[in-house]
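The values are calculated or read from the model by the stated rules, or taken from the named source; none is laboratory data. A quick note: this is a predicted structure, and the numbers were derived from the prediction, not measured. Heads up, the Cβs are rebuilt from the backbone with ideal geometry, glycines too, and the neighbour counts pull from every protein chain shown. For accessibility, only protein heavy atoms count, side chains too; no ligands or nucleic acids. Shrake-Rupley method; radii C 1.70, N 1.55, O 1.52, S 1.80 Å.
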Amino acid sequence: MMILGIDFTSKPSRRKPITCIHCTLDDNVLRARSLEEWPSYQGFDIALARPGPWIIGIDFPFGQARRFIETIGWPSSWAGYVHNAGQLGRAGFREMLNSYRENRIAGDKEHRRATDAAAGSISPQKLYGVPVGLMFFEGAPRLLTSGVTIPYLHDGDPLRVAVEAYPGVLARRLIGRRSYKNDTRKKQTADQHEARRDLLQALRQEAPRRYGFSIVAPDSLCDDPGADHLDALLCAVQAAWAWRQRDDRFGAPETIDRLEGWIADPHLTGLQYGHGPFRHEVDMERMGLISETVFVDG
């Protein structure tokens, strides 16, 4: 099975491209095959349109909180409110979120989904710091337009499946809260490089027990200081796990909110191998030349 993992950004460029890792899942082995970097959304759109079968894990919030959707009066379906958001345009969407925050009391300005509370991820309304609100705006309408299937949110092409991924869940489980990346060159350290190596090594060791398959991936994924390459692999791991659970709701929680969506990871549902549910914590980490690196198959 073709497994893709994408580290997304709200404003791709040559300096900070969207990163996609191509993997295959065969005989309980997830094997990294190649890497693409897209400095514009064109590469992302092309990838979504490629014929299946494949499943892709993407690191951005696919949905918004039910409280937010109902309060502003958006349609009560994922496709409906995503279409509404896309029609606003980027500036209009930003203005709408800022206006929503303006007259609300502290603690009730931005809302998290149930899956955000479980994963420790921030509100998909967030515009500053890590602008996941803009990631939603740029990503979700493209998913809708592409016609992919998003389990429990949107029925599309059954051979092209997209699930929401979040590398922070996996990384924290393996190396705690060690810093392993930074996009600012002056803040990149040798300790972060060591943390990336430890994260990859721990992933190789723990994946069979936690996810049910082994991982073959090159050490060179650790050489990217921003960890986009490594995060893309973590997204692929979560997508591969969801694919293996396709006959059991793709691993989605039994109480999934079909308006909000969900993050695909066993630690959020208690379905992982040999461990209980993930402890809830708040995490602020989650905050056009196409180049392809082909890995040597070892």
Leaving out ligands, DNA and RNA, what percent of the accessible area of the range 217-256 is carbon and sulfur, probe 1.4 Å?
-> 41 percent
Determine the relative contact order of the range 150-225: mean sequence separation of Cα pairs under 8 Å and six or more apart, normalised by residue count, in whole percent.
-> 24 percent
Sort the chain into rounded, prolate or oblate with this rule: let a ≥ b ≥ c be the square roots of the eigenvalues of the Cα gyration tensor; rounded if a/c is under 1.5, and if a/c is not under 1.5, prolate when a/b is larger than b/c, oblate otherwise.
-> rounded
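Quick one: with all protein chains in place, what share of the accessible area of the range 52-198 is carbon or sulfur, to the nearest percent (1.4 Å probe)?
Its accessible area is 48 percent carbon and sulfur atoms.
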Full-extension gain in nm, THR255 to LYS187, via 0.36 nm per residue minus C-alpha separation = 20.4 nm
ASP157's amide H: which non-local residues (gap 5+, or another chain) put their own amide H closer than 5 Å, with H modeled 1.01 Å from N in plane and none for Pro or chain starts?
-> VAL148, THR149
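Of the trypsin sites (Lys or Arg not before Pro) in the range 86-150, which ones lie in a loop per DSSP and count no more than 16 other C-beta atoms within 10 Å?
Those satisfying the criteria are ARG104, LYS109.
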For the charge dipole of the chain, defined by +1 on Lys and Arg C-beta atoms and -1 on Asp and Glu C-beta atoms about the Cα centroid, which residue among ALA162, SER76, HIS111 has the Cα displaced farthest towards the positive pole?
-> HIS111
Filtering trypsin sites (Lys or Arg not before Pro) in the range 148-199 by DSSP loop and by at most 13 other Cβ atoms within 10 Å leaves ARG177
Applied in sequence order to the range 43-49, the curve 6.51 cos²θ - 1.76 cosθ + 1.60 (Karplus, θ = phi - 60°) yields integer Hz couplings, x standing for Gly and Pro, of x, 5, 4, 5, 4, 5, 8
Under Karplus coefficients 6.51, -1.76 and 1.60, residue-wise ³J(HN,Hα) of the range 10-20 in Hz, glycine/proline x | 7, 8, x, 7, 4, 6, 9, x, 6, 10, 10
Test item: Cα-centred dipole of the range 1-128, Lys/Arg +1 and Asp/Glu -1 on Cβ, debye | 380 debye
If the cut-off is a Cα-Cα distance under 26 Å, which lysines reach LYS181, setting aside same-chain residues fewer than 8 apart in sequence?
-> LYS11, LYS16, LYS126
Treating cross-link reach as a plain straight distance, find the aspartates and glutamates whose alpha-carbon is under 15 Å from the alpha-carbon of LYS109, omitting any fewer than eight places away in the same chain.
-> GLU70, GLU95
Charges only on Cβ, +1 for Lys and Arg, -1 for Asp and Glu: so what's the dipole of the range 92-249 about the Cα centre, in debye to the nearest 20?
-> 400 debye
Which ³J(HN,Hα) values, rounded to whole Hz and listed in residue order, are derived for the range 159-173 from phi using the Karplus coefficients 6.51, -1.76 and 1.60 in 6.51 cos²θ - 1.76 cosθ + 1.60 with θ = phi - 60°, glycine and proline given as x?
-> 8, 10, 10, 10, 10, 6, 10, 8, x, x, 4, 5, 4, 5, 5
Computed about the Cα centre, the charge dipole of the chain from +1 Lys/Arg and -1 Asp/Glu charges at the Cβ has a magnitude in debye, to the nearest 20, of 640 debye
Shape of the range 29-142, Cα gyration tensor, a/c cut at 1.5 | prolate
In whole Å, how far is the Cα centre of the range 1-68 from that of the range 140-196?
-> 9 Å
At 1.4 Å probe size, with every protein chain present, just tell me what the per residue accessible area of the chain comes to in Å².
-> 43 Å²
